[in-house]
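Below is one structure, written out as structure tokens, with a few remarks after it.
The values are calculated or read from the model by the stated rules, or taken from the named source; none is laboratory data. Only a predicted model underlies this, so the values are computations on that prediction, with no experimental measurement involved. A quick note on method: Cβ atoms are made from the backbone with ideal geometry, for glycine too, and the neighbour counts reach across all protein chains shown.
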Amino acid sequence: MMKGSTLVTAPRERLIRTTVELIQSRGVSGVAVTELLDRSGTARQSIYTHFPQGKNQLIEASARAAGSWISAMIEQLCSAPPLEALQAFIDYWKSMIVSSDYTAGCPIAAATFGGNEIPGAVDAAKMAFEEWESMLANNFRAANLDDALAQSLSTMTIAAIEGAVIMSVATRSTRPLDRVGKHLTELLEAHLSENHEREPVLRQQN
């Protein structure tokens, strides 16, 4: 998910980026301090310097950071028309999963299941999913889909892709993402086409 050497970044950023990577591949409960320190190249004291409440605070901050990174990516994708943005979103997850050798999924989905241990991570996941839905819905509205349909399609898109990411990791194949992408594209094309056909009629009536 992240690129660039951990050796040239500040300790706080290295801790967060490495924690996100561990959440992606191990889940919240799989974030072990010793491995985190080894992989991030930071000293144990760095955790308590930057995160006085310890590992739980670091995991919460990392979940929020991951949500923000993906939100920024989605915002950029949504500068394109809906069908292009959808394909780019699918391609992003395929690239990330394949580059991890099918070991890393969505960090926000993983953070969702850390509720009993770290409620703040679940709050971060909730905020991220809501923001992603909102951005996709706005993208659909920009294509003249009505509010209710835009919101419904954004929820379906996020839910379907998140499920496909999990299945792709489990099956070590991008086929679930390909199939979900195909049917989401067909669904979106149908709604966009229907809306396009309806517009001349509405103009005539007005």
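Here are a few things to note about the model shown:
- Number of the exception - Gln76 against (1) crowded, with 16+ Cβ neighbours inside 10 Å; (2) within 30 Å of Ala150 (Cβ to Cβ); (3) within 14 Å of the chain's Cα centre (by Cα): (1)
- Any hit, the range 47-57, residues being closer than 23 Å to Val165 by Cα and of a type in the set (Ser, Thr, Tyr): no
- The test for being within 19 Å of the chain's Cα centre (by Cα), farther than 25 Å from Phe129 by Cβ, at pLDDT 95 or above and not hydrophobic (A, V, I, L, M, F, W, C) does not hold for Asp91.
- Hits in the range 50-74 - residues which are in contact (Cβ under 8 Å) with a residue 24 or more places away in the chain, farther than 16 Å from Ala125 by Cα and not charged (D, E, K, R): His50, Phe51
- Helices (runs of 4 or more DSSP H) (entirely within the range 99-206) containing at least 2 residues that are of a type in the set (D, E, K, R), at pLDDT 95 or above and in contact with a helix residue (DSSP H, G or I) (Cβ under 8 Å, 6 or more places away or on another chain): 119-142, 147-171, 175-205
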